[in-house]
Amino acid sequence: MKKAFGFPEELSNKCYALLTSMTYDKPMATFEDYSILRELPMDRYLVTSGFHRFQWSKIRSLGIERHFREIHVVDATTSRLTKKSVFADIIGRHGPSTKPPNGRPMAAPMAPQWPPHGTRSAYAVI
């Protein structure tokens, strides 16, 4: 921000400290169809981006931790990882899903190609 908009360094540092320490503690609700995702008989992986503490506070507020095999928060301020690289790692370790819930492949780039064999997985992005 300081380079793009000419913010003084002191103001940039205060903004960064505020943003990296923020949490969300208000009640939250999942989207209307979340129960369908939760009931799918497959592994689920959540990949989200943003400030680490803030994203985890929202995940905890939603009470969804137990519904996912793995949860990854991609924080550009602390890591060079991208959502794409995280998904590539997950697929590399666990393989792509074999059967989408409706029997047809999901539109790219949300899901990998569906091979005739492998593990069953669902991927979520928030």
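The values are calculated or read from the model by the stated rules, or taken from the named source; none is laboratory data. Here the structure is a predicted model, which means the values were calculated and not measured. Glycine also receives a Cβ, built like all others from the backbone with ideal geometry; neighbour counts cover every protein chain displayed.
Please go through region 1-33 and give me each residue that is small (Gly, Ala, Ser), more than 19 Å from residue 53 (Cα to Cα) and part of a loop (DSSP other than H, G, I, E, B), ordered by number. Within region 1-33, 6 is the sole residue that qualifies.
Looking only at residues in region 1-23 that are in contact with a Phe, Trp or Tyr (Cβ under 6 Å, 6 or more places away or on another chain) and not polar (S, T, N, Q), the one that is modelled with the lowest pLDDT is 1.
Among residues of region 36-59 being in a helix (DSSP H, G or I), among the charged types (D, E, K, R) and at pLDDT below 95, the one that is surrounded by the most Cβ atoms within 10 Å (Cβ to Cβ) is 38.
Selection of region 42-54 for residues being within 17 Å of residue 80 (Cβ to Cβ) and touching a Ser or Thr at 6+ places or on another chain (Cβ under 6 Å) yields only 51.
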